[in-house]
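Worksheet: the structure to be examined is printed underneath.
The values are calculated or read from the model by the stated rules, or taken from the named source; none is laboratory data. Just so we're clear, the structure is a prediction, and the values are computed from it rather than from any experiment. Cβ coordinates were reconstructed from backbone atoms using ideal geometry, including for glycine residues, and neighbour counts include every protein chain displayed. Side chains are part of the model used for accessible areas, which takes the heavy atoms of the whole protein and leaves out ligands, DNA and RNA. Shrake-Rupley method; radii C 1.70, N 1.55, O 1.52, S 1.80 Å.
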Amino acid sequence: MSLQEILAVVAPGSPEEGLARQVDFDRLPQHVAVIMDGNGRWAAQRHLPRVEGHRAGIESVRDVVEGSARLGIKVLTLYAFSVENWKRPPSEVSTLMALLKRYLRLELNTLLGNNIRFNVIGGRDELAPDIRGELKMAEEKTAGNGGMLFNIALNYGGRAEIVEAARRAMAAGVTPDALDEQRFSEFLYTSGQPDPDLLIRTSGEMRVSNFLLWQIAYAEIWVTDTLWPDFRKRHLLDAILAYQKRDRRYGGINQPAAAGR
Ligand code: FPP
């Protein structure tokens, strides 16, 4: 995956092409996590029901999944449904679940064709059996793919994940002396994955909303006013270029060898 791969899906002479050519492919964020927000506002601006915003958001999901895989991002995590989202009207919840199911049915071949591995993070037990079955099938069918890992956060909460990890560590018999950050992270949903380098949030809100609380400790945060249904590859490229201009210090000082990391 490379410049050529991304250029194959952007129009020649387009702003996307100009942006793609500026990307330093040796310094891509390994893991990009996205808080997809603003679907309701997108719909309200058009005097449409909220669910139309979610429906339109699916096209953004398609575009960003394809763009990330072609760029060579190793892990993409999308926040599709939080533990708090159950408080929404039942009709909105069921539409979101139906959209997810439809997305998986329609996009499975695209995921397979792009060598993408699909993975769910979050509590599955509360999901309806048909949704669980659909998710499991997509995970199983893509399990052999060695390209980008596409995590979808569903019924996900960062605090709940940490509590669950603590429980699992105790159940596995990890003693207090043996527990350190590395060992603990092996009990998170994202065990074995690199932490997000870049966290994108759409629609201008300056919050992390209980998303990957442990994993985003050192993530660079990029917030755009663009509403999720309007988000496309060019915005992803904007975020990556902004990330590549940041000076990541991980709490240390800026030394030449570490500059730009
Ligand atoms: C936030 O917008 C968005 C969500 C809660 C759901 C995101 C889900 C999708 C885009 C569709 C399903 C996903 C996949 C991966 C197939 P909001 O409703 O909170 O917007 P608002 O803040 O403007 O009201």
So for each of 71-80, 192-201 I average, over its residues, the number of other beta carbons within 10 Å; can you give me the resulting order with the highest mean first? 71-80, 192-201
Of ASN254, ASN109, GLN4, whose Cα points farthest to the positive end of the dipole of the chain (charges on the beta-carbon: +1 Lys, Arg; -1 Asp, Glu; origin at the Cα centre)? ASN109
Leaving out ligands, DNA and RNA, and with a 1.4 Å probe, what % of the accessible surface on the chain is carbon or sulfur? 51
Pair-distance profile P(r), taking every C-alpha pair of the stretch 104-159, with 10 angstrom steps and integer %: 25, 52, 22, 1
Using helices alone, I'd like the mean residue ellipticity at 222 nm for the chain: each DSSP H run of four-plus residues gives -39500 (n - 2.57), total over residue count, nearest 500. -13500 deg cm²/dmol
The chain, relative contact order [Cα under 8 Å, separation at least 6], %: 27
Of ILE221, THR190, ALA169, which is farthest on the positive side of the dipole of the stretch 135-261, counting Cα position, with +1 on Lys and Arg Cβ, -1 on Asp and Glu Cβ, and the Cα centre as origin? ILE221
Summarise the long-distance tail of P(r) for the stretch 21-120 by giving the % of C-alpha pairs beyond 22 Å. 37
Let's test this: bin the Cα-Cα distances of the chain at 5 Å from zero up to the farthest pair and state each bin's percent. 1, 6, 12, 16, 19, 18, 14, 8, 4, 2, 0, 0
D for the stretch 50-188, whole µm²/s, Stokes-Einstein with Kirkwood Rh over alpha-carbon pairs at 20 °C and 1.002 mPa s: what number? 131
Taking the alpha-carbon set of the stretch 58-108, what are its Rg and Dmax in Å? 12.9, 38
The stretch 132-261, accessible area per residue, ligands and nucleic acids excluded (1.4 Å, Å²): 51
In whole angstrom, note down how far apart the Cα centers of the stretch 1-66 and the stretch 89-163 are. 19
Report D for the stretch 14-67 in µm² per second (integer): Stokes-Einstein, Kirkwood Rh on Cα pairs, 25 °C, 0.890 mPa s. 184
Relative packing of peptides 179-187, 29-37, 129-137 - highest average C-beta neighbours within 10 Å first: 29-37, 129-137, 179-187
Using bins 5 angstrom wide from zero, how does P(r) for the stretch 139-261 break down, in % of all Cα pairs? 2, 8, 14, 17, 18, 18, 13, 7, 3, 1
